[in-house]
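S.K.: Okay, handing you the structure first.
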Amino acid sequence: MIFARRERDIVAVDIGTAKVAVAVATVDGDGPMRLLGVGESPSAGVRKGEIIEAGAAKEALRDAMARAEVSAGIEILEVHLALSGAHLQCTLRSAVVDIRGEGRRVDQEDVARVCRAAEEAPMPPERVHVATLPGRFVIDGGEAALRPVGVRGRCLKGEFLIVDGATGVLKDTIRQVQELEIRVEDVVLAPVASAEMVLTPELRAAGALLVDMGAGLTHFAAILGDRVVHVGALGVGGDHVTQDIGRAFAMPWAKAEEVKTRHGSVDAPAGGKADATDLGGSKPADREPAKAARLAMVMRARWEEAFEIVRDRIPGEILSARRGGVVLTGGGSRTGGIGALAEQVSGLRTVPARTDGLAGDPEIVSRPELSTVLGSLIWARRQIQEEGRGGH
């Protein structure tokens, strides 16, 4: 096959615990992005978003890249990389600078200076700055503004969400891509990318909580309009549910994963009736038809724990302001009854994910397992547009 390469093609990579996904989209003027192809490969050497065996991880990435190139018909030379991991931490920081723009009007350099000032707090060598997420700006103590450029004043205060991560983990992740002679154009936080894919503008304006239920990690992001007001990840995910099922029914991992995928629910059947499915445990006593109520109890306990941790990690004033509700995505969002459980724990109504931000095969675009890699494409386009307009 002869590969093409168009200037407006964008490529995103998500190295997850269960799979490596590579997505390619093209931009047609100001219209929607169009998905050209996706390459997937079972992940290897990755645990909870961290690479623990470099050789295996690189081969999985190489395979996914090759599949994406064939699917999209292009040669991949540079990518936008989604970053994940429970090691990521966020801190709200603020700074104040004098306004130096012509006529005392805020210009792009003023915004850049207040951003740099907020980032200047020293970090230990084992931590590294990952991202600065714009918050709000205040001019001369007045009302908050999201876009201060052009406003007259003397002092500009900026509030930013500063994200940092473990230096070694991040270097290892980026190195996997670079060793394939592919340039990392930029990085994006996994929950921020997922939010780009599944949140409508209306939900963002009202304030929404995004929870991405992956295999090794559960990511979350609290969004208000164009602002990410809180973000994080915890080392609990679908693999833990599989492990719990295996222990409860004494069955091997592959069988437990199949049971979770085909019959998993956090809701017990009415009256606790027996499930007709033989779960096929390794012990003779476990080969009798298992009760669906027991399976639901096992799965509910783990996902309830995950939702409780997310709830407790988000400041109460931020959580209560999510008037748009909570949106679930990731493979775990397929679990029966999971929306009602999220509502019960978070106190927020559950809202369906949207998938209309990217044109393409509906069966691919709507897959919750691809929210991060597809959202990374939308995020990348947004950054390119912002740079074209001259900055922040």
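S.K.: Yes or no: the range 366-376 includes at least one residue that is of a type in the set (S, T, N, Q), in a loop (DSSP other than H, G, I, E, B) and within 30 Å of Thr132 (Cβ to Cβ).
M.R.: No: zero hits.
S.K.: Only one of Val128, Val138 is under 25 Å from Ile314 (Cβ atoms), β-branched (Val, Ile, Thr) and surrounded by fewer than 18 Cβ atoms within 10 Å (Cβ to Cβ); which?
M.R.: Of Val128, Val138, the one residue that is under 25 Å from Ile314 (Cβ atoms), β-branched (Val, Ile, Thr) and surrounded by fewer than 18 Cβ atoms within 10 Å (Cβ to Cβ) is Val128.
S.K.: Assuming Ala144 fulfils every condition listed in (1) more than 17 Å from Val188 (Cβ to Cβ); (2) surrounded by fewer than 18 Cβ atoms within 10 Å (Cβ to Cβ); (3) in contact with a Cys (Cβ under 9 Å, 6 or more places away or on another chain) apart from one, which condition is it?
M.R.: Ala144 satisfies all of (1) more than 17 Å from Val188 (Cβ to Cβ); (2) surrounded by fewer than 18 Cβ atoms within 10 Å (Cβ to Cβ); (3) in contact with a Cys (Cβ under 9 Å, 6 or more places away or on another chain) except (3).
S.K.: Give Ile51, Ile76 a once-over and let me know the one that is of a type in the set (Val, Ile, Thr), farther than 22 Å from Gly168 by Cβ and touching a helix residue (DSSP H, G or I) at 6+ places or on another chain (Cβ under 8 Å).
M.R.: Ile76
S.K.: Let me ask you something else. Would you confirm, using the coordinates I've provided, whether Ala190 is surrounded by fewer than 19 Cβ atoms within 10 Å (Cβ to Cβ) and hydrophobic (A, V, I, L, M, F, W, C)?
M.R.: no
S.K.: From the residues in the range 48-77 that are within 22 Å of His240 (Cβ to Cβ) and exposed (fewer than 15 other Cβ atoms within 10 Å of the Cβ), which one is nearest to the chain's Cα centre (by Cα)?
M.R.: If we take residues in the range 48-77 being within 22 Å of His240 (Cβ to Cβ) and exposed (fewer than 15 other Cβ atoms within 10 Å of the Cβ), then Ile52 is nearest to the chain's Cα centre (by Cα).
S.K.: Residues to consider are Arg67, Arg105, Arg93; find the one that is at pLDDT 90 or above and touching a helix residue (DSSP H, G or I) at 6+ places or on another chain (Cβ under 9 Å).
M.R.: Arg93
S.K.: Can you tell me which residues in the range 250-270 are surrounded by 21 or more Cβ atoms within 10 Å (Cβ to Cβ) and either among the hydrophobic types (A, V, I, L, M, F, W, C) or more than 16 Å from Lys291 (Cα to Cα) (or both)?
M.R.: Correct list: Met251, Ala256, Glu257, Val259, Val266.
S.K.: Still on this structure: Return the residues of the range 303-343 that are in a strand (DSSP E or B) and either in contact with a Ser or Thr (Cβ under 7 Å, 6 or more places away or on another chain) or at pLDDT below 90 (or both); say none if nothing qualifies.
M.R.: Scanning the range 303-343 gives Gly325, Val326, Leu328, Thr329, Gly336.
S.K.: Also, quick follow-up: Which of the residues that make up the range 107-141 are closer than 13 Å to Val96 by Cβ and either in the same structural domain as Ala221 (by TED's automatic domain parsing) or assigned to a loop (DSSP other than H, G, I, E, B) (or both)?
M.R.: Glu120, Asp140, Gly141
The values are calculated or read from the model by the stated rules, or taken from the named source; none is laboratory data. Every value quoted in this text rests on a predicted model; they were computed, and no experiment measured them. Backbone-built Cβ (ideal geometry, glycine too); neighbour counts: all protein chains shown.
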